[in-house]
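The values are calculated or read from the model by the stated rules, or taken from the named source; none is laboratory data. Here the structure is a predicted model, which means the values were calculated and not measured. Neighbour counts are summed over all protein chains in view; Cβ atoms, including those assigned to glycine, are modelled from backbone coordinates with ideal geometry.
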Amino acid sequence: MKRWFGQHSVSFAAVVGVSLLSQAIYLYQAAFNDPSFFVPVVDAQVYHDAAVQFAAGGELADGPFWQPPIFPFMLGLLYAIVGSEVLLARIVLALMAVGSCVLVWRLGAQAYDNTSGVVAGIMLALYGPFLFFSTQLLPVGLAIFLNLTAITLFFTAMKRGAWWLWFATGSVMGLATANVPNAFVILLIVVGYWMRQFRLRIARIPVMRNVIVCAIGGMIVILPITIENYRESGTFIPLSTNGGINFYIGNNANADETVVVRPGEPWRALAREARFAGAKTPKAQSVYFFNKSLKFIRDEPIAFVEHLGVKASRILMGKEIPRNTDVYVHAEYTPWLSWLTWRGSGLGFPFSFVFPLAVCGFLFVRGNTLNDESRRARVVLLAFVLLYGLFVVMFFVASRHRLPAVVVLVIPAAAILVAVARFLARVIFHRRLLEKGDQPQRPASPLVCAMACVVFLAAVYLTIKPTSIPAENVDFKRELLAFVAHEHLQNGELERAKELWDVMGSGSSEDAFDWGLRAQIARLEGDWEAASAHARRAVELAPGGAEYQRLLGQLLHEGGEVDEAIEHLALAVELDPFSSKNHLALAQAFDVAGKHEPALRSYDEAAKIAKLPAVSMVRYAELLAMHERFSEAIDRYERALIAYDDPPDEVLNCLAWLLATCPDTSQRDCVRAVELARFVCDRTAYANPAGLDTLAAAYAECGRFNDAVITVNKAIEVANEQGKGEMLPMLQHRLSIYQLRLNH
């Protein structure tokens, strides 16, 4: 392969140069103009947060994987190396996209010829949706690269037959499948090739060896994920648990409604349905949604088939179909993208041109030769497009989901363009060639040209014929700005959020999310009355929205109206008992109201669902100690220390005191208590009387009464110097106890 690249260095330079330039222009313009460039939202935010957590030494997921883990794992590795910088991640993804263009060139050269491959690589570099999605913090860019790599390795393995090539093919197929499960279709193609080898009785023993080696390569990737899922859940989950709900979204009686369920509270309400139905584990929840879809298919097979036809027509739409991200909205901020991706009069550029060209390329272009390698490559590419498209249709259609198949369509599209250019050249220069005595290749017959034109126009019609899409009434631009503004608010960036709010305008007075956003802005501005009024309006518009009930309850809590706050927070828990945030907010309100027992119960529920913030964990530990649940209290203090980047002295001191003086003597640990208390004293230069008091108690518990006496005397001295006379009687009392024990 190295020799092949060396022979085509000019072609390689052309593809890489155009790809790099295209990516650089897009990234430069998007970085300065796209409001979401540095602020991942919705799906991208989920992957980003998981990667940040992993890079910091945490787990990719709490429990079994909800989404296939390869992309957040690789993103987390990148963050661990260069830091959690979105710009650097996008640059790396852009370089990967350049690699995808090179792979398309290579595949085009194998299936057709080098010129077609070069044109295909350049076409992909200028294909707007690919340019956009390849640098989003989403798995689609990695999926394209891995798919193309797996197909390239498969071609090479078929040609050379080396066992290590089959191993590499299996490994990359495993990575691709663990990134986006639709890549499983590559395995189906490989299996089809092996079955053909067996049917033709071609070298059965080497074929069996290749099957085993390829399977081992894939298992090396997939098996650790499955084992981790089993370790977390105790059940068999090959990759992730989001398959059931994704299948249900596109296969139910109201699929056009579920496919446009918006992120945030509406999505969480849909996901909660399985839990309310009794599905407690992630796998059970996935099975619940699968079973709902299967029931719909059994009960209404005609409606199911009709909807499959609708989805098949949507996958051929020229216009890009949004899911949670609309490429046309981002094109408004990026001139380069707007030139490469646009819509109008039913057309959607570039798909309305690429798809018809690809159909003609598959049907009418045979490459420079008719050898088995070239023909087999075209068959594999066609099989991948058809099977991948089928898997997308079986779930639901969106631009980013069909893009890995569209990338392969660029190859035959480029081939037909090259073929047409050569045909025109032969027609134009026919007489001149004859004058030189050359024998030109015979042009295609008029009948073939006519058939190609008819096929092209028919394919164009398929991309522009009127087809409704469920998301056509969603204001994606406003939604994008709202999500970005929300993230700025979460980070305390009030001014940036207000700028975006001003761009959004007043918006719909019937949009609960808008009112919730207004409430958060007013909250950070310190206008409690306006914030609570906006939150009340959000609750009126969406009384079943647990998120809005919690927001109103928290605002009432902050305003001192604790009883009413508890009412709304209790309703939030009732609406969504699976949210740790709801239970935690209710626990804090109960705590402020002095209702410690219900507060502790709510803390218990919150802690069962998710890891608590460090501050909340400390208060939870204090309540546990108050209710004589000492072992749990100590455990929560220890967890709080881990959660803090730099644990406060008060937290360290509380844990040390509990370990030294716990009424349950079985829970005492004087050595650990001395270690913690001494650490506090060292950090405060032995000028903290509370820390000295704790260190003295820890010494006493260890039987070191002389040290205890010296330390408590130091505490008395410091308390006097700092004017903390209220501590003196207590310290004097402890001194007398330590002296008494010392003398005996």
Practice task
Those residues that are surrounded by fewer than 21 Cβ atoms within 10 Å (Cβ to Cβ), hydrophobic (A, V, I, L, M, F, W, C) and in contact with a Cys (Cβ under 9 Å, 6 or more places away or on another chain), I need them from segment 693-744; list them, please.
Solution key: 702
Problem - Every residue from segment 447-484 that is within 17 Å of residue 412 (Cβ to Cβ), among the small types (Gly, Ala, Ser) and touching a Leu at 6+ places or on another chain (Cβ under 9 Å) - result: 452, 459
Practice task
Restrict the check to segment 283-295 and report whether at least one residue is part of a helix (DSSP H, G or I), among the small types (Gly, Ala, Ser) and crowded, with 18+ Cβ neighbours inside 10 Å.
Solution key: yes
Handout entry: Counted residues, segment 157-183 - those being at pLDDT 90 or above and over 16 Å from residue 212 (Cα atoms)
Key = 9
Practice task
Output the residues belonging to segment 65-97 that are over 14 Å from the mean Cα position of the chain (by Cα), part of a helix (DSSP H, G or I) and either closer than 15 Å to residue 46 by Cβ or of a type in the set (Val, Ile, Thr) (or both).
Solution key: 79, 81, 82, 91, 92
Practice task
Residues being over 33 Å from the mean Cα position of the chain (by Cα), among the β-branched types (Val, Ile, Thr) and crowded, with 17+ Cβ neighbours inside 10 Å: count how many of those fall in segment 5-35.
Solution key: 0
Practice task
Inspect all residues belonging to segment 251-267 and state whether any of them is in contact with a Phe, Trp or Tyr (Cβ under 6 Å, 6 or more places away or on another chain) and part of a helix (DSSP H, G or I).
Solution key: no
Practice task
Working carefully through the options 629, 639, find the one that is farther than 22 Å from residue 695 by Cβ and in contact (Cβ under 8 Å) with a residue 12 or more places away in the chain.
Solution key: 639
Practice task
Might you let me know whether segment 308-327 holds any residue that is acidic (Asp, Glu), modelled with pLDDT of 90 or more and either within 26 Å of residue 355 (Cα to Cα) or surrounded by fewer than 19 Cβ atoms within 10 Å (Cβ to Cβ) (or both)?
Solution key: yes
Practice task
Check whether at least one residue in segment 259-269 is under 15 Å from residue 394 (Cβ atoms), buried (at least 19 other Cβ atoms within 10 Å of the Cβ) and out of contact with any Cys (no Cβ under 8 Å at 6 or more places or on another chain), and report yes or no.
Solution key: yes
Problem - Check on residue 329, aliphatic (A, V, I, L, M), free of Cβ contacts under 8 Å to residues at least 40 places away in the same chain and assigned to a helix (DSSP H, G or I) - result: no
Exercise for the section: Could you tell me whether segment 503-512 includes any residue that is crowded, with 19+ Cβ neighbours inside 10 Å and either farther than 30 Å from residue 397 by Cα or touching a His at 6+ places or on another chain (Cβ under 8 Å) (or both)? Expected result: no
Handout entry: Out of 614, 643, 607, sole residue that is surrounded by 20 or more Cβ atoms within 10 Å (Cβ to Cβ), closer than 22 Å to residue 59 by Cα and touching a helix residue (DSSP H, G or I) at 6+ places or on another chain (Cβ under 9 Å)
Key = 607
Exercise for the section: Would you please name the residue that is farthest from residue 625 (Cα to Cα), looking only at residues in segment 655-688 that are among the acidic types (Asp, Glu) and outside any helix (DSSP H, G or I)? Expected result: 669
Problem - Among residues of segment 270-282, those that are out of contact with any Asp or Glu (no Cβ under 8 Å at 6 or more places or on another chain) and in a helix (DSSP H, G or I), counted - result: 7
Practice task
Identify the single condition in (1) buried (at least 20 other Cβ atoms within 10 Å of the Cβ); (2) assigned to a helix (DSSP H, G or I); (3) under 28 Å from the mean Cα position of the chain (by Cα) that residue 214 does not satisfy, given that it satisfies every other one.
Solution key: (3)
Fill in the blank from the handout: Of the conditions (1) assigned to a helix (DSSP H, G or I); (2) farther than 17 Å from residue 658 by Cβ; (3) not hydrophobic (A, V, I, L, M, F, W, C), the single one that residue 694 does not satisfy is (2)
Handout entry: Count - residues of segment 23-53 that are in contact with a Phe, Trp or Tyr (Cβ under 7 Å, 6 or more places away or on another chain) and part of a helix (DSSP H, G or I)
Key = 9
Problem - The listed residue being touching a helix residue (DSSP H, G or I) at 6+ places or on another chain (Cβ under 6 Å) and either under 30 Å from residue 148 (Cα atoms) or at pLDDT below 90 (or both), out of 419, 398, 414 - result: 414
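Quick grid of which residues meet (1) crowded, with 20+ Cβ neighbours inside 10 Å; (2) in contact (Cβ under 8 Å) with a residue 24 or more places away in the chain; (3) closer than 26 Å to residue 39 by Cα:
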| position | (1), (2), (3) |
| --- | --- |
| 492 | no, yes, yes |
| 518 | yes, no, yes |
| 522 | no, no, yes |
| 526 | no, no, yes |
| 541 | no, yes, no |
Exercise for the section: Please give the number of the condition residue 652 fails out of (1) out of contact with any helix residue (DSSP H, G or I) (no Cβ under 6 Å at 6 or more places or on another chain); (2) more than 19 Å from residue 589 (Cα to Cα); (3) not in a loop (DSSP other than H, G, I, E, B). Expected result: (1)
Practice task
Hey, could you check segment 666-692 for residues that are of a type in the set (Val, Ile, Thr) and buried (at least 19 other Cβ atoms within 10 Å of the Cβ) and say which is nearest to the chain's Cα centre (by Cα)?
Solution key: 680
Handout entry: Residue that is surrounded by the most Cβ atoms within 10 Å (Cβ to Cβ), among those in segment 446-490 that are within 26 Å of residue 325 (Cβ to Cβ) and of a type in the set (Phe, Trp, Tyr)
Key = 483
Problem - Single match in 472, 529, 499 (criterion: in a helix (DSSP H, G or I), within 30 Å of residue 350 (Cβ to Cβ) and either modelled with pLDDT of 90 or more or not aliphatic (A, V, I, L, M) (or both)) - result: 472
Problem - Pairs where the first residue, in segment 358-369, is within 14 Å of residue 113 (Cα to Cα) and in a helix (DSSP H, G or I) and the second is modelled with pLDDT of 85 or more and of a type in the set (Val, Ile, Thr), C-beta under 8 Å, 6+ apart - result: 361/411; 361/416
